[in-house]
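Data block below; observations after.
The values are calculated or read from the model by the stated rules, or taken from the named source; none is laboratory data. All values reported here derive from a predicted model rather than from experimental measurement. Positions of Cβ are backbone-derived with ideal geometry, glycine not excepted, and every protein chain shown enters the neighbour counts. Please note that ligands, DNA and RNA were not included when accessible areas were found on the heavy atoms of the full protein model with its side chains. Shrake-Rupley method; radii C 1.70, N 1.55, O 1.52, S 1.80 Å.
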Amino acid sequence: MDTEAQTTVEAPPVSPEPLMQMIQGLQVTAIVQAAVQLGIFDRLAEGKNQIGSIASGVAADERGTRILLNALAALGIVETSDGTYALSPLADAFLVSSRPTYLGGMLNIMAGRWAWAAYPRLADAVRAGGTILEEHAETPGHEFWEAFAPSSVGVAMPAANALAEILGPWAAEHDGLEVLDIACGSGLYSLALLAQQPSAKTTLLDWANVLELTRANVEKMSLTERTSYIEGDVFEVPLGGPYDLVFASHIFHHFSEERCLELLRRLHDTLKPGGRLAINDFVPSGSRPADEPFPFLFSVIMLTWTREGEAYPLSTYERLLAEAGFGRVEVHPSIGMPSSFMIAERND
Ligand SMILES: C[S@@+](CC[C@H](N)C(=O)[O-])C[C@H]1O[C@@H](n2cnc3c(N)ncnc32)[C@H](O)[C@@H]1O
């Protein structure tokens, strides 16, 4: 018997490297999250560049800090030479908390407590076809949304400004524009428009605990006089109105198509004839998942975290909007995140 032939394993036709990177993805997130939680990037931005001074600056052990800094260097977000450490251009732009472009808050959203609790049970969510968490995205006033509102500012601000630019010429034709911002979170989508349109007013709707945080942004932007609030479930509370414009940013992906249609009908009825609905959401364009990964990966978050939500394609939005009584849908790419703006007009 040829024992050599029995023990020889043929080299696989592909390298395992991409798979190994996927398997280590959890560790990469944990490394970046720990560095943000400790304030490592802020200390590096202050010019601390030796392990000792960085460790004492973040009140951590030197050995632990050395191992973490070297892992950050291995990932390429910290640069190191001759025993000193410095920010990479990527970390300098996005991980120093005083920068207006700071994105560290995204860790509270993508890798918050709920995520570390939910992902180990993803297989159960796949079996069930939806969240198996007792407390999830649809739990009224879930504390996650309190973390979301301030943490989303870094990504919401550029997108909100871009949407305000797109709507600006139309909004300027409507003196005293009345706006409703549903599931408003930070409120930045309508607040950015108000900052640009001096006679516009907005009504901000979300759970009561989230609106406490929205108020802080309203005050910071000195827009208190032109702002009012509706607390509660967007499917249940009276919406007031009629409005010229409704913002619905990153909310439809939480629900089934039937619930989306129910909500679209409510929003249609709260608009003035000719009024507009501006939706911002993650919308797969029809490309293969490998060519456009984000919305497909995002749908997994919705699988773990909602009962029936997912990222819907444009064709679904177009169909549901038409059924709810809206006319042609204008589509624009967002800025800073892989979202699309869909602007529809009330038909009658
Ligand atoms: C993904 S965040 C989007 C926030 C903001 N529109 C943005 O794009 O940054 C979803 C928001 O919807 C709110 N929300 C979820 N379900 C809701 C419901 N049934 N009624 C009112 N608000 C709801 C949450 O509290 C949260 O602020």
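Quick notes on this structure:
- The chain: most fluctuating residue of Leu26, Leu167, Leu205 per GNM, C-alpha cutoff 10 Å: Leu26
- With all protein chains kept in place, the per residue accessible area of the chain amounts to 50 square angstrom at a probe of 1.4 angstrom.
- Rg and Dmax [Cα atoms of the stretch 34-129; Å; Rg one decimal, Dmax integer]: 15.9, 53
- In terms of the mean number of neighbouring beta-carbon atoms within 10 Å, the peptides 324-335, 31-42 order highest first as 31-42, 324-335.
- Computed about its Cα centre, the charge dipole of the stretch 285-331 is approximately 60 debye, with only Lys, Arg, Asp and Glu carrying charge at their Cβ.
- Axis of helix 257-270 versus longest Cα principal axis of the chain: the two differ by about 40°, to the nearest ten degrees.
- The stretch 91-142, relative contact order in percent, only Cα pairs under 8 angstrom and at least six apart counted: 16
- Mean separation of Cα contacts under 8 Å (6+ apart) over length of the chain, as relative contact order %: 13
- Relative contact order of the stretch 105-173, pairs being alpha-carbon contacts under 8 Å that are 6 or more residues apart, as %: 45
- The chain - mean residue ellipticity at 222 nm from DSSP helices (-39,500 (n - 2.57) per run, n ≥ 4, rounded to 500): -14000 deg cm²/dmol
- Surface composition of the chain: carbon plus sulfur atoms contribute 55% of the solvent-accessible area (1.4 Å probe, protein chains only, all chains present).
- Cα gyration tensor shape for the stretch 199-252, rounded if a/c is under 1.5, else prolate or oblate: oblate
- Whole-angstrom gap from the stretch 141-214 to the stretch 286-305, using each part's C-alpha centre: 26
- The share of C-alpha pairs in the stretch 185-336 whose separation exceeds 21 Å stands at 50 percent.
- Among residues other than Phe326 with Cβ under 12 Å from its Cβ, the summed charge is -1 (Lys and Arg +1, Asp and Glu -1).
- Averaging 1/r over every pair of different alpha carbons in the chain and inverting the result gives a Kirkwood radius of 22.5 Å.
- The stretch 315-348 and the stretch 35-99: distance between their alpha carbon centers, rounded to Å: 43
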